[in-house]
Amino acid sequence: MIDNVSWVVAYPEILLLVMACVIALVDLGVTSPLRSLTHWLTLLTLAAVALLTGVYASSGAVNLGFGGMVISDPMGNWLKCFAAIAMMVTLVYGRAYAGARDMLRGGEMFTLSLFALLGMFVMISGHNLLVIYLGLELLTLSSYALVALRRDDGRATEAAMKYFVLGALASGFLLYGMSLVYGATGTLDLGQVVRAIAGGEEALAGSPRVLMLGLVFLMAGLAFKLGVVPFHMWVPDVYHGAPTAITLIIAGAPKLAAFAIVIRLLVQGLLPLVVDWQQMLAVLAVASLLIGNLAAIAQTNIKRMLAFSTIAQMGFMLLGLIAGVAGGEGANMANAYGSVMFYVVSYVLTTLGTFGVILLLSRNGFESEQISDLAGLNQRSPLYAGVMAICMFSLAGIPPLVGFYAKLSVLQALLASPEPVYIGLAVFAVVMSLIGAFYYLRLVKVMYFDAPTQTAAIEAGTDVRTVLSLNGALVLVLGIVPGGLMALCAQAISALII
Amino acid sequence: MGLLSLAIWTPIFFGVVLLALGRDEHASAVRWIALVGAVLSLLVTVPLYTGFELGTASMQFAEKAVWIERFNIHYHLAVDGISLWLVLLTAFITVIVVIAGWEVITERVNQYMGAFLILSGLMIGVFASMDAMLFYVFFEATLIPMYLIIGIWGGPNKIYAAFKFFLYTLLGSLLMLVALIYLYSQSGGSFDLATWHRLPLGGTAQTLLFFAFFAAFAVKVPMWPVHTWLPDVHVEAPTGGSAVLAAIMLKLGAYGFLRFSLPILPDASREWAWLIITLSLVAVIYVGLVAMVQKDMKKLVAYSSVAHMGFVTLGFFVFSDLGVSGGIVQMIAHGFVSAAMFLGIGVLYDRVHSRNIADYGGVVNTMPKFAAFALLFTMANCGLPGTAGFVGEWMVILAAVKFNFWIGLLAASALIFGAAYSLWMFKRVYLGETGNDHVKALSDIGAREMLVMSLLAIMVLYMGIHPKPFTDVMDASVAELLRHVAVSKLN
C-alpha cells in the first residue's frame with residue numbers, strides 16, 4: 001500500500017529517474033560535438049532537483065515513506081540539494097575537458113552522472129539496509145562505467161578495473177555485514193534494528209556475537225567507500241587513472257552521500273553499539289591522518305596528491321563522529337554530527353574549486369597532472385591562481401577560509417568532553433594538519449613563486465569562468481560568515497530521528 | 001561602522017580593490033591608490049588617540065555583534081591602553097612601507113601593495129579583538145599575505161624562508177587553537193576574553209594552557225630557542241616585508257602574552273615566570289653576542305630584534321608597573337627603530353644589491369644625508385638616551401633591578417652588547433675610506449627615501465624626548481592588568 005506521502009517523499013528521485021531516461025533518448029538526436037542540448041537539459045534537471053530538495057529541506061518536515069523504507073528529513077534533503085548542485089558544477093567544469101577527449105561522442109556522461117546522482121539520493125534517503133545497499137550499487141556501477149568512459153585509454157581502463165574489483169569486494173563486505181545484522185536482529189528496517197539492539201540480548205533474534213561480526217563487516221565496507229586507511233588503496237589509483245572530469249564526479253558529490261550512509265547506518269541504526277564503532281573509527285581516523293598526510297608529501301602528480309589529501313581529510317572528519325558520544329553521554333551528538341556535516345559540505349565545495357582549476361588547465365590535449373604544470377599560474381592568470389590558492393589555504397585549515405571552521409568545529413566537538421583521550425586525538429589531528437599545510441602550501445608556492453613553464457593562454461567559457469569565480473568566492477565568503485551554513489547543518493542534524 | 005571597524009576594513013578594502021582591478025600596465029595609478037588607502041587608514045586611527053579617555057582601564061571604542069551564533073563567537077572590538085599604540089603603529093608603518101616600495105617594486109605592484117594593505121588591516125584586527133576566536137582568525141590570517149610577500153618578492157632562498165616562516169608559526173598557533181577550544185568548553189561556551197579573565201582554572205590546566213599559549217606566542221616573539229626562523233626569514237624577505245615583520249608581526253606574540261597568558265593564567269604565569277625570565281636573559285645576552293659576529297646586515301638586525309624583544313618579555317614577567325609598561329614602550333619603540341633599520345638596509349641594498357657588511361665601507365663619503373639618518377637609528381638601536389630605544393629598555397632594567405639585582409645586572413650588561421654590535425656595524429659600513437667602486441658610485445637618498453627616513457626619525461626622536469603620551473595612555477590598563485594577575489584563580 002503506497003500512500004500519498006510516499007510519492008511526495010520520492011518526487012526528487014522520480015524526477016531524476018524520468019529525466020535521466022528522457023535525456024538518454026533526446027541525446028540520440030543531438031549532433032553537436034559538445035552536446036549542448038543534452039548538457040543544458042541535464043543542468044536544468046539538476047537545478048530543478050536541487051530546488052525541489054531545497055524546498056523540502058527548508059520546510060523541516062520529516063516523513064517516512066514506502067512503509068518506512070525511505071526517509072525524507074532535513075539532513076537528507078540538504079545533502080541531496082548540495083549533491084545536485086555539486087553535480088551541476090562538476091558538469092560545467094568537466095564538459096570542455098570531456099569533449100576534447102572524445103568522451104562526448106555519446107551522451108553517456110550526462111545520463112550516467114544522473115544515474116549516479118540518483119544512486120546517491122537513494123543512499124541518502126534509505127532507511128532500510130537493502131535500500132541503502134541498492135542506492136550504493138547504483139552509484140558505484142555508474143561510477144565504474146564513468147571511469148571507463150574513455151575506453152581507448154589504457155590508464156583509465158586500468159583504473160576502472162581496479163575500481164570495479166575493489167569496489168565489488170567492498171560492496172560484498174557491506175552486504176555481508178548487513179546480512180549478519182539482519183540475522184542478529186531479524187529486521188532490515190533501521191528503526192527496528194536500533195530498537196532490537198537497545199532491547200538487549202532477549203530482543204535479538206541471533207547472538208550478539210553475530211551482531212558484532214556484522215558491525216565489523218559494515219565498518220570495513222563503509223571505510224572502503226569513504227576511502228580511509230587501511231581501505232584506501234583504490235583512491236589514489238582511481239583519482240589518478242580516471243579522466244579528471246570523472247575524478248571530480250567521484251571526488252565531489254559522493255562524499256555527501258557517504259556521509260549520509262555513515263549517519264544512517266551507524267547513528268540511526270547501530271547507535272547502541274556506539275562504543276564499539278567509535279573505537280574502530282578512532283583507529284581508522286588516526287591511520288588515515290597519518291598515512292594520508294605523509295604520503296601526500298611524496299606525490300608529484302597533483303591528482304594523486306589530492307587523493308591522499310582526501311584520505312587525510314576523511315580521517316579528520318571521522319574524528320567528529322568519534323566525538324558524538326563520550327562516557328556514555330550522548331549530549332554532544334547533535335553538535336558533533338552537525339560539525340561533521342559542515343566539514344563534508346565545505347570539503348566538497350573546496351574540492352570542486354580545486355579540480356575546476358585543474359580541469360581548466362588541462363585543455364588542448366594536454367593533461368595538467370603534474371604539480372609542476374601549475375608553475376607560475378599567478379602570472380598567467382591571477383584569477384585562477386587566486387581561486388586555487390584560496391582552496392589550498394582552505395584545505396590546510398587557515399582562517400578566514402571555510403576549511404578552518406570545518407576543522408574548528410570538529411575539534412570543538414572533540415574537546416567538548418574533557419576526556420584525555422580526546423584531547424590527545426585533538427593534538428594529534430592538529431599536528432597532522434601542520435604536515436598537511438606543507439603540501440598545500442607547496443602548491444601555492446608553485447603557482448606564485450615559480451616562473452611559468454608554459455605560456456599558452458588559458459581559455460575558458462563564460463560559464464566556467466563565472467562558476468569558478470563564484471566557487472572561489474564562496475570558499476572565502478563562507479569563511480568570513482560561516483554562521484549560516486553551520487546553523488543549517490546543526491538544525492539538519494538535530495532533526496534526525498535517533 | 002565604528003572607528004575600529006574602519007581602521008581594520010579601510011586598508012583591507014583598498015587591498016582587495018587593488019588585487020581585483022590593478023594591472024602592471026598602470027602601476028603608477030596602483031601606487032597612488034595604495035598610498036591613498038594607507039594614508040586614509042592612518043587617518044581613521046587618529047580619532048582613536050584623540051578620543052581616548054585617559055585614566056581608565058575600561059575597554060574603549062567597543063563594538064559588539066554576533067558573528068557565529070552556533071559557537072557564540074562575537075565580532076567584538078575594543079582597545080585599551082595596551083593596544084591603542086600598537087594599532088596606531090601598524091597604520092603608520094603601513095604608510096611607510098607603501099612609500100618605501102614605491103619604485104623598488106616593479107612587478108605585480110598591485111599584489112604587493114594589496115598584500116601589505118590587507119596585512120595591515122588583519123594586524124589591527126589582532127590588536128583590537130576582544131573575542132578569542134576573532135583574535136585567532138586575524139592572527140592566523142596574517143600568515144597568508146606574509147607568506148606570499150616573502151615568497152614572491154623575496155631573495156634567492158625565498159622559498160625556504162617562506163615555508164619556514166609559515167610552518168614554524170603555524171605549529172605554535174595550532175596548539176593555541178586547541179587551548180582556545182578547551183577554554184571555550186571550560187567557560188561554558190564562550191570565546192569572550194573578559195569572561196575568560198574571570199574563569200577559575202586548576203593548576204594543571206593552567207600549566208598546560210600556559211605552554212600551549214607559550215608555543216604560539218614565543219615562536220612569534222620570537223624567544224630563544226625558537227627564534228631560528230627569524231634571521232632566515234628576514235634575510236630573504238623584501239625590505240618592506242622585513243620592516244613589517246620586525247615592527248609589527250613580532251608584537252603580535254608579545255601582545256598575546258599580555259592579553260592571554262597573564263590575565264587568563266595568572267597562577268601559571270607566576271609559577272613559570274622564572275622560565276620566561278631565563279629565556280629572555282638568554283635572548284638578551286647570548287643572541288646579542290650572536291648578533292655581533294654576523295656578516296650580513298639584515299641578519300645582524302634580525303638577531304638584534306630577538307635581543308630587543310627579550311627585553312619586552314623580561315619586562316612583562318617581572319610583574320611590576322614599570323616592567324610591563326617598559327615592555328610595551330619597548331615594543332612600540334622597537335617598531336619604529338627596527339622598521340627604520342631594515343628600510344635603511346633596503347636603501348643600500350637597492351643600490352648595491354648586497355647585504356654583506358664587507359661589501360661596504362665609507363658610505364658616509366658618498367651618502368652623507370643617509371649616513372646621518374643611519375647614525376640616528378643606530379644610536380636608537382643601542383638605546384642612547386634621547387632616542388626611542390632608551391626609554392623602554394631603561395624602564396625594564398629598573399624594574400628588573402627592583403625584582404632581583406642580578407637579573408637587572410645581566411639585563412643591563414646587554415646594553416653594552418647592543419652598543420657594540422650596532423656601532424661596530426655602523427663603523428664598518430659607513431665610516432672610513434670609501435670601500436670599493438660600488439660605494440664610490442652611490443648616490444645619496446632622493447626625496448622619497450628622505451620622506452621615509454624623516455618620518456621615522458621624527459617618531460624615534462619624539463618618543464625618546466617626550467615619552468609621556470605613550471606611557472600616559474597605558475598606565476591605567478597596566479595597573480588593572482597587574483591587579484588582576486595578583487589574584488589567584490585556583491579554587
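For the stretch B:68-110, the candidate set comprises residues that are within 14 Å of another protein chain (Cβ to nearest Cβ) and over 30 Å from A:Gln379 (Cβ atoms); within that set, the residue that is nearest to the chain's Cα centre (by Cα) is B:Tyr75.
Condition first: closer than 15 Å to B:Gly392 by Cβ and among the basic types (Lys, Arg). Can you find one or more residues in the stretch B:471-483 that meet it? No: zero hits. B:Val363 meets the conditions (1) more than 30 Å from B:Ile277 (Cβ to Cβ); (2) surrounded by fewer than 24 Cβ atoms within 10 Å (Cβ to Cβ) in every case but one. The failed one is (2).
Go through A:Leu64, A:Leu37, A:Leu46 for me and flag whichever is assigned to a helix (DSSP H, G or I) and surrounded by fewer than 24 Cβ atoms within 10 Å (Cβ to Cβ). Don't jump to the end; show me each part of the working.
On the way: A:Leu64 fails: assigned to a helix (DSSP H, G or I); A:Leu46 fails: surrounded by fewer than 24 Cβ atoms within 10 Å (Cβ to Cβ).
Answer to the selection: A:Leu37.
Sort out which residues of the stretch A:352-380 are assigned to a loop (DSSP other than H, G, I, E, B) and either within 14 Å of chain B (Cβ to nearest Cβ) or of a type in the set (Asp, Glu) (or both), and write them in order of number.
A:Glu367, A:Glu369, A:Ala375, A:Gly376
Listed by position, the helices (runs of 4 or more DSSP H) contained in the stretch B:208-266 that have at least 1 residues being among the aromatic types (Phe, Trp, Tyr), in contact with a Phe, Trp or Tyr (Cβ under 9 Å, 6 or more places away or on another chain) and touching a residue at least 12 places away in the same chain (Cβ under 8 Å) are B:229-236, B:250-256.
If you go through the stretch A:427-455 and keep only what is without any contact (Cβ under 8 Å) to a residue 40 or more places away in the chain, assigned to a helix (DSSP H, G or I) and at the interface with another protein chain (Cβ under 7 Å from one of its Cβ atoms), you end up with A:Val427, A:Val430, A:Leu434, A:Lys445.
A residue that is more than 28 Å from A:Asn335 (Cβ to Cβ), in a helix (DSSP H, G or I), more than 20 Å from the chain's Cα centre (by Cα) and not β-branched (Val, Ile, Thr) occurs somewhere in the stretch A:118-138.
On the given criteria, is A:Ala331 crowded, with 24+ Cβ neighbours inside 10 Å and more than 18 Å from the chain's Cα centre (by Cα)? Before the answer, list the steps.
Numbers: crowded, with 24+ Cβ neighbours inside 10 Å: no; more than 18 Å from the chain's Cα centre (by Cα): yes.
Here the answer is no, as A:Ala331 does not meet what is asked.
Scanning the stretch A:200-237 for residues that are surrounded by fewer than 19 Cβ atoms within 10 Å (Cβ to Cβ), more than 18 Å from A:Leu271 (Cβ to Cβ) and under 24 Å from the mean Cα position of the chain (by Cα) yields A:Pro230, A:Met233, A:Asp237. Among the residues of the stretch B:111-133, those identified as at the interface with chain A (Cβ under 10 Å from one of its Cβ atoms) and either over 15 Å from the mean Cα position of the chain (by Cα) or more than 22 Å from A:Gly403 (Cβ to Cβ) (or both) are B:Gln111, B:Met133. You will find that of B:Ala78, B:Ala57, B:Ala62, the residue that is surrounded by fewer than 17 Cβ atoms within 10 Å (Cβ to Cβ) and either in contact with a Ser or Thr (Cβ under 7 Å, 6 or more places away or on another chain) or not in a helix (DSSP H, G or I) (or both) is B:Ala62 and no other.
Listed by first and then second residue, the pairs with beta-carbon distance under 7 Å, at least 6 apart or on different chains, first residue in the stretch A:472-498 and within 12 Å of chain B (Cβ to nearest Cβ), second in a helix (DSSP H, G or I) and surrounded by fewer than 18 Cβ atoms within 10 Å (Cβ to Cβ), are A:Gly483/B:Glu69; A:Ala487/B:Glu69. The set of residues in the stretch B:156-204 that are over 30 Å from B:His234 (Cβ atoms), hydrophobic (A, V, I, L, M, F, W, C) and surrounded by fewer than 19 Cβ atoms within 10 Å (Cβ to Cβ) comprises B:Ala194, B:Leu199.
From the list A:Leu118, A:Leu130, which residue is crowded, with 21+ Cβ neighbours inside 10 Å and either touching a residue at least 24 places away in the same chain (Cβ under 8 Å) or under 30 Å from A:Gly214 (Cβ atoms) (or both)?
Working: A:Leu130 fails: crowded, with 21+ Cβ neighbours inside 10 Å.
Unique residue meeting the criteria: A:Leu118.
Screening the candidates A:Ser288, A:Ser309 for the property of being modelled with pLDDT of 90 or more, in a helix (DSSP H, G or I) and either of a type in the set (Asp, Glu) or farther than 16 Å from A:Met392 by Cα (or both) yields one hit, A:Ser288. Please tell me if A:Ala416 is under 21 Å from A:Phe316 (Cα atoms), at the interface with chain B (Cβ under 10 Å from one of its Cβ atoms) and surrounded by fewer than 24 Cβ atoms within 10 Å (Cβ to Cβ). Criteria met by A:Ala416. Exactly one residue out of A:Leu411, A:Leu401, A:Leu383 is within 10 Å of another protein chain (Cβ to nearest Cβ) and surrounded by fewer than 24 Cβ atoms within 10 Å (Cβ to Cβ): that is A:Leu383.
The values are calculated or read from the model by the stated rules, or taken from the named source; none is laboratory data. Quick caveat: nothing in here was measured; it's all calculated off a predicted structure. Note: ideal-geometry Cβ built from the backbone for every residue, glycine included; neighbour counts use all protein chains shown.
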